[in-house]
1. How many of the residues making up the stretch B:244-277 are without any contact (Cβ under 8 Å) to a residue 12 or more places away in the chain and either within 22 Å of the chain's Cα centre (by Cα) or at the interface with chain A (Cβ under 9 Å from one of its Cβ atoms) (or both)?
2. Identify the residue in the stretch B:113-139 that is away from chain A (no Cβ under 12 Å) and not in a helix (DSSP H, G or I) and, among all such residues, is modelled with the lowest pLDDT.
3. Need pairs with beta-carbon distance below 6 Å; first residue within 11 Å of another protein chain (Cβ to nearest Cβ) and within the stretch B:72-88, second of a type in the set (Ser, Thr, Tyr) and surrounded by 19 or more Cβ atoms within 10 Å (Cβ to Cβ); sequence gap 6+ or separate chains.
4. Pull up the stretch B:232-271, narrow it to residues that are of a type in the set (D, E, K, R) and either in contact with a helix residue (DSSP H, G or I) (Cβ under 6 Å, 6 or more places away or on another chain) or assigned to a strand (DSSP E or B) (or both), then point me to the one that is farthest from B:Met99 (Cα to Cα).
5. Filter the stretch B:55-80 down to the residues that are over 17 Å from B:Ile209 (Cα atoms), in a loop (DSSP other than H, G, I, E, B) and either at pLDDT below 95 or of a type in the set (Phe, Trp, Tyr) (or both) and list them by number.
6. State whether one or more residues within the stretch B:267-278 are out of contact with any strand residue (DSSP E or B) (no Cβ under 6 Å at 6 or more places or on another chain) and at pLDDT 85 or above.
7. For the condition surrounded by 13 or more Cβ atoms within 10 Å (Cβ to Cβ) and closer than 18 Å to A:Asn108 by Cα, what is the one hit in A:Asp57, A:Asp86?
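The values are calculated or read from the model by the stated rules, or taken from the named source; none is laboratory data. A quick note: this is a predicted structure, and the numbers were derived from the prediction, not measured. Glycine gets a Cβ as well: all are built from the backbone with ideal geometry, and neighbour counts include every protein chain shown.
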Amino acid sequence: MIRRTILAVMAAVFLVAIPAIAHHSFAAEFDETKRIKLTGKVVEMRWSNPHAWIYLDVNNNGKIERWAFETGAANGLFRRGWRKEDLPAGTVLVIEGWQARNGSNTANAGSITFPDGKRLFAGSSNPNAERQLEGK
Amino acid sequence: MLGAALVAVLTTGDAYAQDAPARGRGAGAAGPAQGGGRGRGGPEAGAIRRLPDGKPDLSGFYNSNGRGANYGLEAHPNQGLTPGGQGIVVDPPDGKLPMQEWAKAELKSRQTPARGYDDPTAHCVMAAGVPRGMYVPSPFFIMQTPTDVAILFERMAWRRIPIDANRKHLPDTVRLWQGDSVGHWEGDTLVVDSTNFNGKPWLNEAGEITSHALHVVERFTPVNATTIMYRATLTDPIVYTRPFTVEVQLIRDPEGEMLEVACHEDNQDLAHMKDIKDAGIGLEKK
């Protein structure tokens with residue numbers, strides 16, 4: 001509980017101010033016209049470089065498809081209060097974002113919510129994600 | 001579960017705030033510059049810190065108020081997935097980059113999907129070049145002695161700036177990502193002259209251009225205890241028709257700490273970027 005409180009405080013302090021960290025062109029990698037919203041179970045939250053990725057198994061009419069969602073850089077997520085153990089395998093998530101231009105099961109994560117609608121900060125690598133999702 | 005702890009604070013505020021000062025510290029004192037004006041110190045900002053020799057003390061952990069410059073130096077709107085920017089070009093007065101015609105064509109080419117992979121920083125080439133390292137949305141740490149200033153970029157390598165007005169630049173045949181820098185003080189302003197660039201860095205994700213002929217004069221002017229007004233004048237006759245100047249504010253966070261970046265380790269992005277590039281090339285051939 002103490003840690004949870006600390007994380008919440010950290011998040012409150014950090015979230016609005018820490019710059020998103022990106023190092024490649026979103027427009028080049030992801031297609032703004034291919035907006036997707038998928039529900040699935042977390043296979044792995046991978047704290048890789050230069051961005052962390054969330055791998056999600058999505059049930060598409062009985063067929064399980066694995067999707068990879070790019071999030072922010074590991075140090076940016078850390079500053080926002082994320083920790084490696086915070087998103088265990090099996091967690092059900094709804095992720096909204098944009099599919100890769102080559103049509104693969106790869107996307108940039110714009111927002112992440114739990115099935116009850118509570119929202120988990122995505123730590124998107126794309127600083128424009130929230131504006132796009134909100135139609136601004 | 002982290003999620004439960006985070007959700008309460010997730011939906012408000014601009015969580016993706018670009019180029020904002022870390023933790024908001026100094027933010028009130030250092031809003032976006034207006035018309036090339038200087039930053040104004042807020043009541044909490046305090047006086048310029050100084051070393052025992054009286055020179056300004058620039059040291060500390062900083063974020064840049066880059067105002068979207070990593071997505072274009074000129075003012076530009078939010079467009080699709082590309083974040084907008086307020087523009088940091090203060091000269092020419094119209095805020096436009098004075099590009100030569102060939103450079104305009106090259107820039108357009110760099111903005112196609114097949115070329116996004118070509119930005120060296122997308123390959124974890126960590127030296128972002130000058131001045132990109134000073135406005136890319138990633139923190140840096142300035143260390144200073146009477147004879148040297150070192151800028152340690154969390155994500156973008158480092159620069160050493162000897163403070164010696166008599167030091168000559170390296171031989172012309174030596175070409176570097178970050179160039180060769182020499183600094184001197186003009187009053188409270190650290191003036192840094194840099195040459196010997198290799199012409200490879202992109203100025204930002206938009207693909208704006210410099211060449212090996214680039215000559216940069218930077219001016220670090222502290223305006224209070226937490227804010228440095230940073231200006232860089234770029235002269236590159238291969239790419240531009242005249243010199244131009246950009247300006248951002250560097251915001252110190254006394255509590256900020258550097259983190260490690262191991263960009264090459266377990267790199268998940270590069271193969272994907274290559275796939276996109278190949279798909280892009282394939283589309284262009286059709």
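1. Count: 7.
2. Out of the qualifying residues, it is B:Ala127.
3. B:Thr82/B:Tyr71; B:Pro83/B:Tyr71; B:Gly85/B:Tyr71
4. Only one residue fits best here, namely B:Asp253.
5. Matches in the stretch B:55-80: B:Gly66, B:Arg67, B:Pro77, B:Asn78, B:Gly80.
6. no
7. When all the criteria are applied, what remains is A:Asp57.
So that you can scan it fast, the table gives a plain yes or no per residue for (1) under 30 Å from A:Asp31 (Cα atoms); (2) among the small types (Gly, Ala, Ser):
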{"position": "B:Gly207", "(1), (2)": "yes, yes"}
{"position": "B:His215", "(1), (2)": "no, no"}
{"position": "B:Arg219", "(1), (2)": "no, no"}
{"position": "B:Asp236", "(1), (2)": "no, no"}
{"position": "B:Pro243", "(1), (2)": "no, no"}
{"position": "B:Glu260", "(1), (2)": "no, no"}
{"position": "B:His264", "(1), (2)": "yes, no"}
{"position": "B:Leu270", "(1), (2)": "yes, no"}
